[in-house]
Amino acid sequence: MPLPYAEAAIPHFWRLEFDHAPRLIVSELHAGRYVETTTALAGATTRIHAPFTVDIDPAGLSRQ
C-alpha cells in the first residue's frame with residue numbers, strides 16, 4: 001500500500017496495526033522509500049515530531 005504514496009512523494013506515512021495490541025508505525029520518505037522512524041506501542045505515550053508534534057498512546061485507539 002505505501003508504494004503509491006512514495007511514488008507521489010508524500011513525505012510521511014503512518015500505519016496503525018492491531019495485532020495483539022494497537023501500535024502506530026511512523027515512516028518517512030528517504031530516497032524514494034519509506035523508512036520506519038518511530039513505533040508507538042500501546043500503554044506508553046510516544047512523542048512524534050513530524051510532520052507535526054503529537055503525543056500519542058495507541059491504546060486509546062480502537063477499531064471501528
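Here are the numbers for this structure:
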| read-out | value |
| --- | --- |
| Mean accessible surface per residue for region 15-64, computed with a 1.4 Å probe while every protein chain stays in place, in Å² | 69 Å² |
| Within-13-Å neighbourhood charge of ALA9 [Cβ basis; K, R +1; D, E -1] | -1 |
| Heavy-atom accessible surface of the chain: percent carbon and sulfur, 1.4 Å | 54 percent |
| Förster-model FRET efficiency, 22 Å R0, ARG15 and ALA42, C-beta, rounded to 0.05 | 0.90 |
| Which label in (1) 13.2, 45; (2) 12.6, 39; (3) 12.3, 35 gives the computed Rg and Dmax of the Cα atoms in Å | (3) |
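The values are calculated or read from the model by the stated rules, or taken from the named source; none is laboratory data. Please read these numbers as outputs of a predicted model, since none were measured by experiment. Cβ atoms come from the backbone with ideal geometry, glycine included; neighbour counts cover every protein chain shown. With ligands, DNA and RNA removed, areas are computed over all heavy atoms of the protein, side chains included. Shrake-Rupley method; radii C 1.70, N 1.55, O 1.52, S 1.80 Å.
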